[in-house]
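Encoded as structure tokens, the structure appears first; notes follow it.
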């Protein structure tokens with residue numbers, strides 16, 4: 001657990017707030033507190049130890065202290081945490097590997113060894129944005145698609161912003177149990193069963209006939225190192241999360257998702273300008289992406305959706321499904337906005353959800 005200095009910093013900043021010291025390194029303590037709230041004492045202790053031992057890697061410490069981006073929005077702490085997890089998985093730092101295996105022990109000693117011996121490797125983890133691609137979030141998207149289908153069922157064209165490896169573009173290839181009801185592909189090797197609160201979503205079959213995504217730095221699943229990168233972002237002890245990710249990667253090897261490299265706003269403008277087939281619902285979706293998108297691009301995306309929505313009709317409807325933090329970052333909300341010639345752009349909250357999709361509180 002945190003020493004007196006770390007505890008004081010945590011007290012000053014609050015569990016979910018921003019560090020008051022102004023030091024980007026204190027983002028490690030902010031994320032440690034969030035990890036505790038999400039039930040991971042291991043990640044909490046790992047990040048607190050990294051905060052205490054950061055000077056063991058002076059170049060890394062300087063890089064973090066000079067971090068130009070918002071440390072929270074850019075997930076600085078999660079980048080470092082994933083780098084440490086990757087080192088443990090590789091066996092490069094024996095003490096760190098042993099700590100991950102046991103789940104307890106000398107956090108400071110193991111982290112000190114990793115920081116001092118593997119600083120160049122950890123610097124590389126800071127260079128690239130987070131790539132979690134949480135497969136469990138697909139359950140919320142499936143529930144939203146079923147909800148849309150209850151009003152007017154038709155085939156779906158999926159377009160995903162910030163698609164990472166594109167694992168959620170294969171959502172129709174997974175099996176789901178939502179509020180005791182079965183959805184998706186009944187013979188799939190991947191079964192997603194979130195803890196369900198609230199009423200059941202409509203039991204409507206969902207047919208996805210096209211799926212395509214975009215990401216600034218797509219994860220290439222044919223590269224084993226890229227697959228390992230995804231696995232490193234799954235926290236230690238979350239075996240179910242890691243198991244679902246591994247199965248989704250295996251399915252993607254058989255059914256490669258199409259993920260383009262590019263900026264979300266430019267890509268979306270190009271896709272929305274393409275003809276939409278009659279009798280097909282076009283659905284734009286994204287999960288935990290907008291916190292990494294600049295304000296100007298977010299406004300551009302909203303404007304693009306409103307413009308495209310103005311031309312939508314009952315036979316060519318448009319829907320926007322988002323799985324994102326609310327502005328206060330107090331709740332993750334599944335939001336739906338649709339344009340179909342009748343419901344013209346009125347947003348509604350379908351559910352509150354766990355950030356990684358472990359539970360869904362369905363509001364419908």
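Where a number appears in this text, it was derived from the coordinates with a stated rule and is not lab data. Because the structure is a prediction, the values reported are computed rather than measured. Backbone-built Cβ (ideal geometry, glycine too); neighbour counts: all protein chains shown.
Key figures for this structure:
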read-out	value
GNM flexibility winner over the chain from 111, 349, 156 (Cα, springs under 10 Å)	349
Per-pair calculated FRET efficiency, R0 = 51 Å: residue 101 and residue 302 via Cβ, rounded to 0.05	0.65
At 0.890 mPa s and 25 °C, Stokes D of the chain from Kirkwood alpha-carbon radius, µm² per second	115
Cut-off 19 Å (backbone N to label point 7 Å along Cα→Cβ of residue 182), residues of segment 199-217	200-208
Solution diffusion estimate, µm²/s, Stokes-Einstein, segment 15-112, Kirkwood Rh from C-alpha pairs, 25 °C, viscosity 0.890 mPa s	181
Sites residue 225 and residue 38, calculated FRET efficiency, Cβ-Cβ separation with R0 30 Å, nearest 0.05	0.65
Nearest 10 degrees, 0 to 90: helix 41-53 Cα axis against the chain principal axis	50
The chain: angle of helix 239-254 to the longest principal axis, Cα-based, in degrees nearest 10	50
FRET E, pair residue 349, residue 121, Förster distance 51 Å, beta-carbon r, rounded to 0.05	0.75
Proxy reagent accessibility, fewest Cβ within 10 Å first, across 359, 51	359, 51
Spin-label pair residue 328/residue 209, simplified geometry with 7 Å Cα→Cβ offset, distance in nm	4.3
Nearest-ten-degree value, helix 107-117 long axis tilted from longest Cα axis of the chain	90
Percent RCO, i.e. relative contact order, over the chain, from Cα pairs under 8 Å lying at least 6 residues apart	15
Theoretical gain in end-to-end length, residue 70 to residue 342 [0.36 nm per residue, Cα-Cα removed]	93.9 nm
